[in-house]
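The structure under discussion appears below in the form of structure tokens.
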Amino acid sequence: EHLPAAPARVLDVGCGHGELTTALAAAGYDVLGIDPLAPQGERFRRIRLEDLEPEEGLFDAVVASHSLHHIRDLGHALDQIVVLLHDGGTLVVDEHGWDLADEATLDWYYEQRRTLAAAGQGEAPASLDALRDEWQVEHVGLHGFEALRTAVDARFDERAFVRTPFLCRLLGGVATEVLEQALIEAGAIQALGFRYAGVPRRKE
């Protein structure tokens, strides 16, 4: 909803296997997906954001779906996005703040993992402490919520921001998302996901 109308030119940063790039193309966008491990195809390039030159053309929008937290030099990457956007272009981010997970949230996640494992879907950690350790190890060196928001807010003016469920993506299932959302709204657990839209901040 925050993208300009098709056939606007869109850059998909950290496109992974290309699902979002393909979906945007099907919606009529002129889209390029970049990732060091991007699929083969005319809509994809195996390149890092830092190595994409503005001379190759500017974009009306840049989307980053669960990719910014992996980029080591986040500030430089966001500066590059600013350079790659047309005037008035939009950055759309779908991310999660792994560091927002408190005890109640991790406890719920653990119980959901145990329930799925009992039904033969995946494996559960041996204990809640094991899950805490797993969570920390999986996110070592990755940017958390405050780092992401601080870096984005220094360069973009917010147009939209909403907190969203995230653990359901790891657990799978529509019912899980509904349950997670209900618990978030009740204040029982934290919303780890967030979606953001913004435009480059005008220089004074």
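Note on segment 84-135: Cα-Cα pairs beyond 12 Å make up 71% of the total pair count. Note on the chain: antiparallel DSSP beta bridges, both residues inside, total approximately 45 percent of the bridges counted. What the Kirkwood sum gives for segment 1-88 is a hydrodynamic radius of 12.9 Å, with every pair of different alpha carbons counted. Rounded to the nearest 10 degrees, the inclination of helix 74-84 to the longest alpha-carbon principal axis of the chain is 40 degrees.
With the gyration tensor restricted to C-alpha atoms of segment 37-84, the semi-axes of the equivalent ellipsoid amount to 17, 15, 10 Å, longest first. For the pair VAL137 and ASP30, the difference between a 0.36 nm per residue extended length and the Cα-Cα distance amounts to 34.7 nm.
Summary value for the chain: 20 percent relative contact order, contacts being C-alpha pairs under 8 angstrom separated by 6+ residues. The Cα-based radius of gyration of segment 51-111, divided by its Kirkwood radius, gives an Rg/Rh of 1.16.
In percent, how large is the relative contact order of segment 1-119, given Cα pairs closer than 8 Å and 6 or more residues apart?
RCO, segment 1-119: 24 percent.
Between THR150 and GLU55, the modelled labels are 3.6 nm apart [label points 7 Å from Cα along Cα→Cβ]. Expressed in Å, the radius of gyration and Dmax of the Cα atoms of segment 82-185 are 16.7, 53. Qualifying GluC sites (Glu not before Pro) in segment 63-137, where qualification requires a DSSP coil assignment and no more than 15 other C-beta atoms within 10 Å, comprise GLU123.
Of the residues ALA25, LEU171, ALA147, the one whose Cα sits farthest toward the positive end of the charge dipole of the chain, with +1 on the Cβ of Lys and Arg and -1 on the Cβ of Asp and Glu, is ALA25.
Dipole magnitude for segment 1-87: about 280 debye, using +1 per Lys or Arg Cβ and -1 per Asp or Glu Cβ, origin at the Cα centre.
Legend: calculated FRET efficiency, ALA117 to ARG195, from the Cβ-Cβ distance at R0 = 30 Å, rounded to 0.05, equals 0.50.
Per residue, the convex hull spanned by the Cα atoms of the chain measures out at 139 cubic angstrom.
Of the trypsin sites (Lys or Arg not before Pro) found in segment 45-78, those in coil by DSSP whose Cβ has at most 16 other Cβ atoms within 10 Å are ARG46, ARG48, ARG72.
Between LEU170 and ALA188, 0.36 nm times their residue separation minus their Cα-Cα distance comes to what? Please report the intermediate quantities before stating the final value.
Values: separation 18, 0.36 × 18 = 6.48 nm, distance 1.89 nm.
The span from LEU170 to ALA188 would gain 4.6 nm if fully extended.
Here, each number is a calculation from the coordinates, and none is a lab measurement. Just so you know, these numbers come straight off a predicted model, no measurement behind them. We place every Cβ from the backbone using ideal geometry, glycine too, and count neighbours over all the protein chains shown.
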